[in-house]
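Novice: Here it is: the structure, laid out below.
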Amino acid sequence: MKDNSRELFNVYKDDFEFCKEIIKNNSTSFYIAFSKLPKYEAMSVFAIYAFCRQADDITDKHDNIEELNKLEEKLIDLENGIIVNDPVFKALDVVFKNFSMSFKPFFEMIKGQRQDFNFMQPNSQKQLEDYCYYVAGTVGLMLLPIISKDSNQSKELAKKIGIAMQITNILRDIGEDLSNDRVYIPSDLIKQFNVSLDNREVNKNFISLWEYEAKIAEDNYNEGIKLIDYLIKEAKEPLMIAINLYHEILNVVRKNNYQVFDNRNYVGKIKKASLIRKSLNDLKDNQ
């Protein structure tokens, strides 16, 4: 951290409070987890989350490409040293002044969001994983300068976690996405496994296809968890918890007999508490 810029966190504390409210209102579990970081690292994560939330909401809730373009313009201004009157960007400016941040993953996330405005079903696994990187893997790269001891060594591992989590989201939300005329499963795999999603039928072919993608997600989780070795001490716990909770979504779908067309699959409170305890114990065992 560049100590001479640390005072800016206090100067712009109202802007960081605005960002904190966004994460508190949208993801209580993430807020609780990342609140355990040192003060300035936590504030920085809240600012990055707020930026990502803005991008997601513009796409998913408002479906407004003009707003996405405006968000990109604000980012260009920030890169050029122009701070717009927006609490998220005023907070981000402080983050960039205090950590060795890169603008590249921020712009790449917007590129991924733009793909949803011009949605085309991926033809191949590579196209799917490229999309997953843009909308999720980029978040890990945004956070690394704040939570990692060596962000260069850990970049590929952070990408793997983002890809795993996004594939998990896709496997959970197949039915919901289908209702919105979106299919994220690659067309060549649907053909290979002889599946028709339109009939919303859970059969052997569908389960085989679902498990094919789930295996890719789980392989990425198993590789990506090595990122913990590169993190500052206070960031290990939230990452371990996030990976275990997200990974469990796949098991929930399995327990619900792969019904992703009509069910909303989520990790229940009791299981969530159990996984949090397991995460903490796993970290103690590895110390």
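The values are calculated or read from the model by the stated rules, or taken from the named source; none is laboratory data. Nothing here was measured: the structure is a model prediction, and the numbers come from that model. Cβ atoms come from the backbone with ideal geometry, glycine included; neighbour counts cover every protein chain shown.
Novice: For Val183, which of the numbered conditions (1) farther than 25 Å from Asn257 by Cβ; (2) in the same structural domain as Asp262 (by TED's automatic domain parsing) fails to hold?
Specialist: Of the numbered conditions (1) farther than 25 Å from Asn257 by Cβ; (2) in the same structural domain as Asp262 (by TED's automatic domain parsing), the odd one out for Val183 is (1).
Novice: One residue is enough: does the stretch 99-111 have a residue meeting the conditions small (Gly, Ala, Ser), over 22 Å from Ala235 (Cβ atoms) and modelled with pLDDT of 95 or more?
Specialist: No, the stretch 99-111 has no match at all.
Novice: Of the residues that make up the stretch 14-23, is at least one within 22 Å of the chain's Cα centre (by Cα) and surrounded by fewer than 16 Cβ atoms within 10 Å (Cβ to Cβ)?
Specialist: yes
Novice: Can you confirm whether the stretch 10-22 contains a residue that is modelled with pLDDT under 95, basic (Lys, Arg) and outside any loop (DSSP other than H, G, I, E, B)?
Specialist: no
The rows are residues; the columns are (1) basic (Lys, Arg); (2) over 25 Å from Gly140 (Cα atoms); (3) more than 19 Å from the chain's Cα centre (by Cα).
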| residue | (1), (2), (3) |
| --- | --- |
| Val195 | no, yes, yes |
| Lys204 | yes, yes, yes |
| Glu218 | no, no, no |
| Leu231 | no, no, no |
| Glu237 | no, no, no |
| Asn244 | no, no, no |
| Glu248 | no, no, no |
| Asn265 | no, no, no |
| Asn281 | no, no, yes |
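Novice: Could I ask something else about it? Only one of Leu37, Leu8 is surrounded by 15 or more Cβ atoms within 10 Å (Cβ to Cβ), touching a residue at least 40 places away in the same chain (Cβ under 8 Å) and under 22 Å from Glu237 (Cα atoms). Can you tell me which?
Specialist: Leu37
Novice: Additional query: Kindly check whether there is at least one residue in the stretch 168-178 that is in contact with a helix residue (DSSP H, G or I) (Cβ under 9 Å, 6 or more places away or on another chain), of a type in the set (D, E, K, R) and touching a residue at least 40 places away in the same chain (Cβ under 8 Å).
Specialist: The answer is yes; a qualifying residue exists.
Novice: Within the stretch 255-285, can you find the residues that are in contact (Cβ under 8 Å) with a residue 12 or more places away in the chain and assigned to a helix (DSSP H, G or I)?
Specialist: If the condition is that a residue be in contact (Cβ under 8 Å) with a residue 12 or more places away in the chain and assigned to a helix (DSSP H, G or I), then Lys271, Lys272, Leu275, Ile276, Lys278, Ser279, Leu280, Asp282, Leu283 are the ones that fit.
For (1) farther than 18 Å from Leu75 by Cβ; (2) surrounded by fewer than 20 Cβ atoms within 10 Å (Cβ to Cβ), each residue gets a yes or a no:
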{"position": "Phe106", "(1), (2)": "no, no"}
{"position": "Gln115", "(1), (2)": "no, yes"}
{"position": "Met120", "(1), (2)": "yes, yes"}
{"position": "Gln127", "(1), (2)": "yes, yes"}
{"position": "Tyr131", "(1), (2)": "yes, no"}
{"position": "Val135", "(1), (2)": "no, no"}
{"position": "Leu141", "(1), (2)": "no, no"}
{"position": "Lys149", "(1), (2)": "yes, yes"}
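Novice: Another question, if that's okay. Out of Leu71, Leu78, report the one residue that is more than 20 Å from Leu239 (Cα to Cα), over 20 Å from the mean Cα position of the chain (by Cα) and aliphatic (A, V, I, L, M).
Specialist: Answer to the check: Leu78.
Novice: To continue, here is another question. List pairs: first in the stretch 189-216 and over 14 Å from Tyr258 (Cα atoms), second of a type in the set (Ser, Thr, Tyr) and not in a loop (DSSP other than H, G, I, E, B), Cβ under 8 Å, 6+ apart or cross-chain?
Specialist: Leu189/Tyr212; Phe193/Ser208; Phe193/Tyr212
Novice: Within the stretch 179-196, track down each residue that is part of a helix (DSSP H, G or I) and either at pLDDT below 95 or crowded, with 20+ Cβ neighbours inside 10 Å (or both).
Specialist: Ser179
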